[in-house]
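Trainee: Please see the structure below; I have some questions.
The values are calculated or read from the model by the stated rules, or taken from the named source; none is laboratory data. Quantities reported herein were computed from a predicted structural model and do not represent experimental measurements. All Cβ positions, glycine included, derive from the backbone under ideal geometry; neighbour counts span all protein chains shown. When the accessible area is computed, the model is the full protein with side chains, heavy atoms only, and any ligands, DNA or RNA have been set aside. Shrake-Rupley method; radii C 1.70, N 1.55, O 1.52, S 1.80 Å.
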Amino acid sequence: MTIKWTSRALSDLVRLYEFLATKDKLAAARTVQLLSAVPDRLVDQTRIGEKLEEFDPREVRRIVVGRYEMRYEIQESVISVLRIWHTREDR
C-alpha cells in the first residue's frame, strides 16, 4: 500500500499546527507528528477505520486519533488521506 496525502489534508495539518502553536509550539509539533504517523499504521490495518456508507461506492473510512478525526479512502493499493480536524470543530 502507498500513502497519498491530498492537498486538503496537508492544509488541515498546517491549520491545526498554526492554531495550536499560538498556545504551545511543542504540543503543536507533537500533535502534527502523531497525526502524520497514523497513515503508516493504516498500511498494516487498512480497514481499521469505520466505513462511511454515505460515500458508497467509494471506500471512505474514518479513524479517531485522540481528539482528531482523520478521513481516508482506500483505492486498490493506495490509501489517500482526505481530511483531518479536531472533533470539537463544527464540521
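Trainee: I'm checking my understanding of the structure. Among residues of the range 71-91 that are without any contact (Cβ under 8 Å) to a residue 60 or more places away in the chain and in a strand (DSSP E or B), which one is most open to solvent (accessible area, probe 1.4 Å)?
Mentor: Q75
Trainee: Another question, if that's okay. What number goes with the only condition from (1) within 15 Å of the chain's Cα centre (by Cα); (2) of a type in the set (S, T, N, Q); (3) modelled with pLDDT of 95 or more that Q45 does not pass?
Mentor: Of (1) within 15 Å of the chain's Cα centre (by Cα); (2) of a type in the set (S, T, N, Q); (3) modelled with pLDDT of 95 or more, only one is false for Q45: (3).
Trainee: Would you pick out the residues in the range 1-34 that are of a type outside the set (S, T, N, Q), farther than 18 Å from H86 by Cα and exposed (fewer than 12 other Cβ atoms within 10 Å of the Cβ)?
Mentor: Listed by number, the list is empty, since nothing qualifies.
Trainee: Any residue that is part of a loop (DSSP other than H, G, I, E, B) and surrounded by 13 or more Cβ atoms within 10 Å (Cβ to Cβ) - is there at least one of those in the range 35-51?
Mentor: Yes, there is a match, as at least one residue in the range 35-51 is part of a loop (DSSP other than H, G, I, E, B) and surrounded by 13 or more Cβ atoms within 10 Å (Cβ to Cβ).
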